[in-house]
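Comments concern the structure below.
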Amino acid sequence: SAVISQKPSRDICQRGTSLTIQCQVDSQVTMMFWYRQQPGQSLTLIATANQGSEATYESGFVIDKFPISRPNLTFSTLTVSNMSPEDSSIYLCSVAGQGHNYGYTFGSGTRLTVV
Amino acid sequence: GQQVMQIPQYQHVQEGEDFTTYCNSSTTLSNIQWYKQRPGGHPVFLIQLVKSGEVKKQKRLTFQFGEAKKNSSLHITATQTTDVGTYFCAGFPYNTGNQFYFGTGTSLTVIP
């Protein structure tokens with residue numbers, strides 16, 4: 001299965017600022033997925049990032065707040081803009097499994113605290 | 001909208017006891033996956049079930065997919081402290097491409 005390097009692993013940010021999270025995959029993948037996981041909760045899909053086109057956002061998430069870049073088939077970034085304490089969460093990127101392993105592989109996550 | 005619910009939300013067991021978590025979807029699923037997330041970690045894929053009534057085993061873990069493909073269960077026999085974590089199902093409805101929905105999760109605590 002793919003190996004994903006996600007950074008930063010954690011950050012503490014001031015409200016009103018922005019943070020960009022990076023995910024690097026060790027193989028080329030068509031789609032990358034960005035999730036948010038609030039403490040003790042399940043995972044919520046933010047958006048799907050396709051190379052060469054705009055990301056597709058889920059209900060409740062907008063591009064102005066969570067701009068995504070996907071410059072090539074192995075890399076993507078998610079920016080959390082104009083942060084407020086409500087944005088404090090874990091953010092994870094993910095890619096679909098390939099070959100016989102159909103499971104999704106997740107990055108190690110970015111634990112964001114907004115103060 | 002799509003919903004995938006899991007029960008129980010939390011489960012505390014003595015080491016050596018069995019554990020079961022149940023996953024229920026509001027719609028029929030083409031397949032279902034199970035993930036384990038250790039405390040402080042990220043979800044890790046365990047298994048995928050595709051066929052109606054399918055049963056798969058991984059050592060002490062037994063996974064079932066319901067006949068109607070709307071529910072699933074994960075059973076752990078003789079729990080160990082290494083089983084601690086949150087178990088999520090992820091349901092894939094028909095005709096939604098790669099879209100899938102994580103269940104609400106069951107957090108397992110194993111008391112030594």
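Here are some notes:
- Filter result for the condition that a residue is free of Cβ contacts under 8 Å to residues at least 40 places away in the same chain, facing another protein chain (nearest Cβ under 10 Å) and over 16 Å from A:THR44 (Cα atoms), over B:VAL55, B:VAL50: B:VAL50
- Residue within region A:29-38 that is more than 26 Å from B:PHE92 (Cα to Cα), of a type in the set (Lys, Arg) and within 14 Å of another protein chain (Cβ to nearest Cβ) present: no
- Screening region B:39-62 for residues that are touching a Leu at 6+ places or on another chain (Cβ under 8 Å) and not in a strand (DSSP E or B) and picking the one that is least open to solvent (accessible area, probe 1.4 Å) gives B:PRO43.
- Top-ranked residue in region B:80-112 [being away from chain A (no Cβ under 13 Å) and assigned to a loop (DSSP other than H, G, I, E, B); ranked as farthest from A:SER94 (Cα to Cα)]: B:PRO112
- Looking across region B:14-33, the residues that are touching a Ser or Thr at 6+ places or on another chain (Cβ under 7 Å) and assigned to a strand (DSSP E or B) come down to B:PHE19, B:THR20, B:THR21, B:TYR22, B:CYS23, B:ILE32.
- Restricted to region A:64-115, the set of strands (runs of 3 or more DSSP E) holding at least 2 residues that are within 14 Å of another protein chain (Cβ to nearest Cβ) and buried (at least 16 other Cβ atoms within 10 Å of the Cβ) comprises A:89-95, A:110-114.
This table checks each residue for (1) within 14 Å of chain A (Cβ to nearest Cβ); (2) touching a Lys or Arg at 6+ places or on another chain (Cβ under 6 Å); (3) open to solvent by 50 Å² or more (accessible area, probe 1.4 Å).
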residue	(1), (2), (3)
B:MET5	yes, no, yes
B:THR21	yes, no, no
B:ASN31	yes, no, no
B:GLN64	no, no, yes
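- Single condition B:LYS36 does not satisfy, out of (1) in a strand (DSSP E or B); (2) surrounded by fewer than 18 Cβ atoms within 10 Å (Cβ to Cβ); (3) of a type in the set (D, E, K, R): (2)
- Scanning region A:14-31 for residues that are open to solvent by less than 20 Å² (accessible area, probe 1.4 Å) and at pLDDT 95 or above returns A:LEU19, A:ILE21, A:CYS23, A:VAL25.
The values are calculated or read from the model by the stated rules, or taken from the named source; none is laboratory data. Predicted, not measured: the structure shown is a model, and the values here were computed from it. Backbone-built Cβ (ideal geometry, glycine too); neighbour counts: all protein chains shown. Quick note on the areas: whole protein, heavy atoms, side chains included, nothing else; ligands and nucleic acids left out. Shrake-Rupley method; radii C 1.70, N 1.55, O 1.52, S 1.80 Å.
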